[in-house]
Amino acid sequence: MKIQRLALFLLVSVSSGLGTAFLLLLLWPGLLQPPRGVEGNTNAPAVASWADAVSATQDSVVNIYTTRVTREAGQPLFRNPLLQRYFGDPRGAPHLRLEQNLGSGVVVDRNGHIITNHHVIEGADEIFIGVENQAPVRARVVGTDPETDLAVIQAAGRDLPPARLGDSSKQRVGDVVLAIGNPFGVGKTVTQGIISAMDRQQLGLATYEDFIQTDAAINQGNSGGALINTQGEVIGINTAIISKSGGSHGIGFAIPINLARQVMRQIIEHGRVIRGWIGAGGVDLTPALAKSAGVDEKLKGVYITHVLEGGPADRAGMVPGDIILAVNGKPAGSAYGIMSRIAASSPGTVLQLQVLHQGRQHTLPVEVLERPPPEKPSGRS
């Protein structure tokens, strides 16, 4: 009898324990997982590393070295004003000075084409590219585009692996990015940050601006290097920083690879960039400007400030004070957006501009011509 009671007691106890355990596991399934830090725990989170992304791209980023010979006037032979008064101001023979510059570039195809910044190779008499543990080789300029601060060069006699180019339009603020370049000539260096902002414009760095802003450290020598995502795809060309000291303060800018790709293709195919032009310019229509123009303050568009006489816009009937509301049925947006859309149009294209003129809307067909080359600023050779 006692044995039966003992057996019944054990059966009830075991059943109750199993039932309780089943309920606990049903409600908290994580109880079965071993504690973190236990040796051999295969479920422990992996340490974040971007080594694979860097490895996929770093061989496609090259160092660029340029040299330039400048001529300096000779110094006056007599510094004493009294001697200069009697003997004039004869000067010694001029002398030549060798200037050197450095930067970075990204290999884009198997033909040795490398994309970099225009300011990296501007005015250079000789251009060399270097990769680790190999002697530098000469490169030639294929073409440049100062208006986006981009250039394409080509290296001879070297098989360089091209980088994988991504889609910069898919990047978001907060995405992790890495900058690869040759800062201060110390050698290939990788820095990490995030995308701080997209579509940065009106910074005064170039005519056509659509920068990716990042806090990844960009220093002198990084210009022309790669800004990559965590998949190892190039999503930008590092270009500039905002700094009072010359070092990185966490505000750097890269040209989106989608824009760089368009410029690169035109330079390789034509030796230059061909842009559309209608001979008119304007500014964003702000509420204050709309009020002064006597139109609805909520109206969105581009207020035309100048029209070149004899240009396409002038021949189509556009005048200063007109407001562009749409291009080919698409809202005008900003003045920069309009300029970019016109520039991207091939010469000979006819754009249908919806314009508000003296309170009435009408459509102007405007034929796009090739944009004339920009005038060089005074004082520049």
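Tabulated data
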| quantity | calculated |
| --- | --- |
| Any hit, the range 169-185, residues being of a type in the set (Val, Ile, Thr) and closer than 17 Å to residue 63 by Cβ | yes |
| Residue 224 within 30 Å of residue 189 (Cβ to Cβ) and either surrounded by fewer than 16 Cβ atoms within 10 Å (Cβ to Cβ) or in contact (Cβ under 8 Å) with a residue 60 or more places away in the chain (or both) | yes |
| Single condition residue 132 does not satisfy, out of (1) acidic (Asp, Glu); (2) more than 15 Å from the chain's Cα centre (by Cα); (3) over 27 Å from residue 231 (Cα atoms) | (3) |
| Residues of the range 245-266 that turn out to be surrounded by 16 or more Cβ atoms within 10 Å (Cβ to Cβ) and either small (Gly, Ala, Ser) or assigned by TED's automatic domain parsing to the domain that holds residue 343 (or both), as a count | 4 |
| Yes/no for residue 190 being closer than 18 Å to residue 64 by Cα and surrounded by 23 or more Cβ atoms within 10 Å (Cβ to Cβ) | no |
| Answer residue from the range 201-221, given it is small (Gly, Ala, Ser) and over 12 Å from residue 238 (Cβ atoms) and is surrounded by the fewest Cβ atoms within 10 Å (Cβ to Cβ) among those | 204 |
| Pairs where the first residue, in the range 121-137, is within 17 Å of residue 161 (Cα to Cα) and free of Cβ contacts under 8 Å to residues at least 60 places away in the same chain and the second is of a type outside the set (Val, Ile, Thr) and surrounded by fewer than 12 Cβ atoms within 10 Å (Cβ to Cβ), C-beta under 7 Å, 6+ apart | 137/156; 137/157 |
| Filtered residue count, the range 163-177, keeping only those that are assigned to a loop (DSSP other than H, G, I, E, B) and within 11 Å of residue 257 (Cβ to Cβ) | 5 |
| Among residues of the range 187-201, those that are closer than 23 Å to residue 343 by Cα and out of contact with any helix residue (DSSP H, G or I) (no Cβ under 7 Å at 6 or more places or on another chain), counted | 3 |
| Among the candidates 260, 316, 335, 288, residue that is under 30 Å from residue 113 (Cβ atoms) and out of contact with any Ser or Thr (no Cβ under 6 Å at 6 or more places or on another chain) | 260 |
| Test: residue in the range 198-214 that is closer than 16 Å to residue 243 by Cα, part of a strand (DSSP E or B) and touching a residue at least 12 places away in the same chain (Cβ under 8 Å) | yes |
| Residue list for the range 278-295, restricted to those being on the phi < 0 side of the Ramachandran plot and either surrounded by fewer than 13 Cβ atoms within 10 Å (Cβ to Cβ) or within 31 Å of the chain's Cα centre (by Cα) (or both) | 278, 280, 281, 282, 283, 284, 285, 286, 287, 288, 291, 292 |
| Any hit, the range 142-153, residues being modelled with pLDDT of 90 or more, in contact with a helix residue (DSSP H, G or I) (Cβ under 9 Å, 6 or more places away or on another chain) and more than 22 Å from residue 266 (Cβ to Cβ) | no |
| Breaking point among (1) at pLDDT below 90; (2) in contact with a Ser or Thr (Cβ under 6 Å, 6 or more places away or on another chain), for residue 352 | (1) |
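So that you can scan it fast, the table gives a plain yes or no per residue for (1) at pLDDT 90 or above; (2) within 16 Å of the chain's Cα centre (by Cα):
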| site | (1), (2) |
| --- | --- |
| 163 | yes, yes |
| 190 | yes, no |
| 204 | no, yes |
| 214 | yes, yes |
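The values are calculated or read from the model by the stated rules, or taken from the named source; none is laboratory data. Being a predicted model, the structure only gives us computed values, none of them experimental. Don't worry about glycine lacking a Cβ; one is built from the backbone with ideal geometry, like all the others, and counts go over all protein chains shown.
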